[in-house]
1. Choose one of 69, 14, 49: the residue whose Cα lies farthest towards the positive end of the charge dipole of the chain (beta-carbon charges +1 Lys, Arg; -1 Asp, Glu; about the Cα centre).
2. In this model, which of 4/65; 65/105; 98/122; 74/105; 6/31 are farther than 27 Å apart at the alpha-carbon?
3. Once both labels are modelled 7 Å past Cα along the beta-carbon direction, what's the residue 85-residue 28 spacing in nm?
4. Expressed as a rounded percentage, what relative contact order does the chain have, with Cα pairs under 8 Å and six or more residues apart?
5. For the range 83-88, in order, what is each residue's ³J(HN,Hα) by Karplus, 6.51 cos²θ - 1.76 cosθ + 1.60 with θ = phi - 60°, in whole Hz (x at glycine and Pro)?
6. Quick one: length gained pulling residue 111 to residue 7 fully straight, 0.36 nm per residue minus the C-alpha distance?
7. Given the Cα-Cα distance of residue 70 and residue 36 and 0.36 nm per residue of separation, how much length would full extension add, in nm?
8. Comparing 98, 86, 74, which has the greatest mean-square fluctuation in the GNM of the chain with Cα pairs linked when under 10 Å apart?
Amino acid sequence: MSFKLKEFLKAQLSAFLGGMTDLAIYSFCFKVLNFSAPFSNAISGSLGAIVNFVINRYWSFGNTKNSIGSQLWKFVIVVIGSIMLKSIGIHYFVDVWKWHFLLSKLLVEIIVSLGFNFTLQKYWVFKK
């Protein structure tokens, strides 16, 4: 398996683990705490991002040579952009178009994670 494919798959596993953390917290906030879908997403996305950062730094991209501070501020910018894109997408799917909250979350997660998060994390946040 090529290095680039292996790195991509590791990053996707990291995103999956962060995503599962995110999804569990999102569901809890939306169903149990009765928070709005976009607000639930902001909370869950922030906590899932912490899981994702740690796994990406030490395992997926294996870049601990650069300072954690230099990576963290970039990661925070990516997470803020990601949460904003996801919250807007979820708002339209759940609040405007009345789609199921989990289907909406999963669809938006896939689109933003592959098209936005991976690219910026690989080539900017954890660039070697």
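Each reported figure results from applying straightforward, stated rules to the coordinates on display, with no laboratory input. This structure is a prediction, so every number in the text was calculated from the model and none was measured. Positions of Cβ are backbone-derived with ideal geometry, glycine not excepted, and every protein chain shown enters the neighbour counts.
1. Checking the options against the dipole of the chain, the answer is 69.
2. On the way: 4/65 19 Å; 65/105 34 Å; 98/122 34 Å; 74/105 24 Å; 6/31 37 Å.
Too far apart for the 27 Å limit: 65/105; 98/122; 6/31.
3. 2.7 nm
4. Working: 121 pairs, mean separation 34.7, N = 128.
Worked out over the chain, it gives 27 percent.
5. 5, 5, 4, 5, 5, 5
6. Numbers: separation 104, 0.36 × 104 = 37.44 nm, distance 1.91 nm.
Length difference between fully extended and current span is 35.5 nm.
7. Numbers: separation 34, 0.36 × 34 = 12.24 nm, distance 3.32 nm.
Using 0.36 nm per residue and subtracting the Cα-Cα distance, I get 8.9 nm.
8. Sorting by GNM fluctuation, first place goes to 98.
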